[in-house]
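Please read the structure below before turning to the comments.
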Amino acid sequence: MLLSRWRRWRRGRPFWGGLFAVLAGAWICVLPLAPLKIMLQQGVAGIPSVLMGIVMIVLGLTAWFSPRQRSLAGVLTTLIATASLVLSNLGGFLIGTLLGIIGGGLMFAWQPSATRRSGGSAAPGPTDSPPAPTPHHDPQGAQT
């Protein structure tokens, strides 16, 4: 019961993209949090690393708990992971950058699964006709 609920929750959102983004953010965020002596020597340079890591963690959690925002979260995760390459110890020694780019790509590419119809098939078969396009209002007049 619990395992089936977990699988249903996981499949209903970009789980792996969010996981990679959270891991990338944690990796980028933890590296500058060295002992206090080293942190004082590093100075202001450690602040962007911590902030970018926290933002990436938040974007990964956003993809999990608000799947509708997955496209924006994916693009922002990829941009922040790329920026961390320059601003944060080579993006967590390249590991955080690679995890962030992969996670952002997975979040952006994820699509919700099709719901099953009453007939039992999720996709139209060869005998089914495709659904008719629904007319909608186009204020700019691009479609006629």
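The values are calculated or read from the model by the stated rules, or taken from the named source; none is laboratory data. What you see is a predicted model, and the numbers here were worked out from it, not measured in a lab. Note that we place each Cβ from the backbone using ideal geometry, even for glycine, and neighbour counts take in every protein chain shown. For the accessible areas, the whole protein counts, side chains as well, though only heavy atoms, and no ligand, DNA or RNA atoms are used. Shrake-Rupley method; radii C 1.70, N 1.55, O 1.52, S 1.80 Å.
For the residues Leu87, Leu72, Leu61, Leu76, the requirement of being open to solvent by 60 Å² or more (accessible area, probe 1.4 Å), without any contact (Cβ under 8 Å) to a residue 12 or more places away in the chain and in contact with a helix residue (DSSP H, G or I) (Cβ under 9 Å, 6 or more places away or on another chain) singles out Leu72.
Please determine, by comparing only the residues of the stretch 38-92 that are in a helix (DSSP H, G or I) and hydroxyl-bearing (Ser, Thr, Tyr), which one is modelled with the lowest pLDDT.
Taking the stretch 38-92 and keeping what is in a helix (DSSP H, G or I), we get 38-65, 67-87, 89-92.
From the residues that got through so far, the ones that are hydroxyl-bearing (Ser, Thr, Tyr) too are 49, 62, 71, 77-78, 82, 84.
Details: Ser49: 84, Thr62: 96, Ser71: 95, Thr77: 96, Thr78: 96, Thr82: 93, Ser84: 88.
For the stretch 38-92, the residue satisfying everything is Ser49.
Which one is modelled with the highest pLDDT among residues in the stretch 2-35 that are in a loop (DSSP other than H, G, I, E, B) and surrounded by fewer than 18 Cβ atoms within 10 Å (Cβ to Cβ)? The selected residue is Gly12.
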